[in-house]
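Each remark here refers to the structure printed beneath this line.
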Amino acid sequence: MRRTLRWRIAATVSALVLATGMLVVAAPITLAEGPGTMEWTGTIWRDPDCGSEAQQFDVRLFRDTNYGGTTWKFCTASANLCWNPHGSSSSDALLCGAGFDGGTVNDYPSSLKVKAVGGGTSCRVRLYVDPGYEGASLSYWDPVDVPSLVPWPNDALSSLRRVC
């Protein structure tokens with residue numbers, strides 16, 4: 001009986017230590033560095049290439065339908081939305097790669113606005129379900145407002161780029 005009680009106590013303490021450790025790892029340790037790092041403007045997360053010669057398009061992704069919630073402004077491609085907004089080397093990006101989207105853009109956008117796509121009338125912005133521009137995709141020419149990302153269920157995007 002005592003051996004069973006000791007085992008249960010040890011198992012409970014171990015579970016609490018592991019759970020607490022997960023909470024510490026998931027805490028905002030975020031260090032912004034690497035590809036995908038965005039700037040916080042006080043109202044939206046902004047791609048640092050916006051307004052530069054590198055800008056290819058102007059796309060705003062919104063966390064909620066009908067353009068609500070957190071806003072992310074993209075002006076260049078992102079091969080993996082796990083990297084945004086804190087960068088590919090951030091703790092958020094590493095957790096996202098392990099399946100915990102947390103503080104990243106990955107799988108969160110539910111609506112979008114395409115303001116402009118550079119490169120002529122044959123160019124469009126393509127949004128993909130998987131990182132690395134893989135999987136099912138939708139294309140949008142400018143300008144367009146999409147209050148809900150149907151036919152996909154909300155929260156399915158993992159990469160985006162301009163395609164000409």
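A short reminder: the numbers here are calculations on the coordinates, not readings from a lab. These numbers come from a predicted model, not from an experiment. We place every Cβ from the backbone using ideal geometry, glycine too, and count neighbours over all the protein chains shown.
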Which of T43, T70, T37 has the fewest Cβ neighbours within 10 Å, and the rest in rising order: T43, T70, T37
Neighbour-count order for C96, C164, fewest beta carbons within 10 angstrom listed first: C164, C96
Cα Rg over Rh - the range 39-163, Kirkwood: 0.93
Exposure proxy order (Cβ contacts within 10 Å, fewest to most) of C82, C123: C123, C82
